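Have a look at the structure below before the remarks.
The numbers here are math on the coordinates, done by the rules we state, and not lab data. Remember, it's a predicted structure, so these values are computed and weren't measured experimentally. Glycine gets a Cβ as well: all are built from the backbone with ideal geometry, and neighbour counts include every protein chain shown.
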Amino acid sequence: MTLSSLPFAQSDATHFVKAWDSAPLRTDPYNHFIVKDIFTPSLVSDLVEIPAQEHDLAYALGTREEFNPTRQYVTPDTISQFEAARRISDIFLSPIVISALEKKGVISLKDSLLRIEYAIDKDKFWLTPHTDLGVKLFTFLIYLSEGEDAYAWGTDIYYDADNHHSTVPYESNTGLSFFPSNKTWHGFEPRPLKEIRKTLIVNYVTQEWRNRHELVHPTEAVC
């Protein structure tokens, strides 16, 4: 793969905006969107092929922070090596994409920073209900894997910290998105994962974000 994504930049962004604008607002139990056909099929295939380390992790607290040293991100180094990483960073840095997100969220992403995690989950993975409220302005959980049992791997949505609402169907190139608030409870109930569950976790975060090594551009705001 070449290292330049410029021929794809406009078409990738346009494709994303079409998918984003087609996703209806769901209000139960809080405002969220389930977006389909997020990327082109070829880009999804290339994303799945980006090398990622697999770790056998036994979650005790139900937080990704338990294993921070093993987490993987789209960084300037990743972008320099893999065209697919550059293309997805270009999508979420695109002015037309940022404008489309701001319009639906009735929010400004000005001066925010882009963070994209490449999450590789295996059996014994689970996440306690949480809201992402704080320095995260936008959350998008994009599912990439395909597998015999993958349909049951989606994010769990909750009414509150103690009451489960539903499970988002896990389908490759589909994702759950929301603008964090004190109502956006989500997590992942303990259940078997017979194969690898790959997910992109896209966040726009405020300038208060401390772990700058996790960012697409450690010092450069998106707009």
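For the reader, a short list of remarks on this structure follows.
- Dividing the summed -39500 (n - 2.57) terms of all DSSP H runs of n ≥ 4 by the residue count of the chain sets its mean residue ellipticity at 222 nm at -7500 deg cm²/dmol.
- Charge context of residue 157, other residues only, Cβ under 10 angstrom, K/R +1, D/E -1: -1
- Zero-based 10 Å bins, Cα pair distances in region 33-79, whole percents: 18, 36, 38, 8
- Full extension of the segment from residue 194 to residue 166, taken as 0.36 nm per residue of separation minus the current Cα-Cα distance, would add 8.0 nm.
- 19 Å Cα-Cα reach of residue 194 towards lysines, excluding residues that sit fewer than 8 places from it in its own chain: 122, 124
- For residue 165, the residues 5 or more places off, or on other chains, whose built amide H falls under 5 Å of its own are 157, 158, 159.
- Cα coordinate range in region 6-214, projected on the principal axes (Å, largest first): 43, 36, 35
- For the peptides 59-68, 72-81, the ranking by packing is 72-81, 59-68, with the highest mean count of neighbouring Cβ atoms within 10 Å listed first.
- Residue order, fewest to most surrounding Cβ atoms within 10 angstrom, among 49, 102, 148: 148, 49, 102
- Rounded to the nearest 5, the antiparallel percentage of DSSP beta bridges internal to region 131-223 is 100%.
- Charge dipole of the chain about the Cα centre (unit charges at C-beta), most positive-ward option of 157, 186, 206: 206
- Given charges at Cβ of Lys, Arg, Asp, Glu: region 23-154 dipole, positive-most of 106, 50, 95: 106
- By the beta-carbon count within 10 Å of each Cβ, the least crowded to most crowded order of 139, 206, fewest first, is 206, 139.
- Straight Cα distances below 19 angstrom link residue 18 to the aspartates and glutamates 37, 90, 102, 171, with same-chain residues fewer than 8 positions distant left out.
- Note on region 6-214: with charges restricted to the Cβ of Lys and Arg (+1) and Asp and Glu (-1), its dipole about the Cα centre is near 540 debye.
- Positive-pole candidate from 14, 145, 41, dipole of region 6-214, charges at beta carbon: 14
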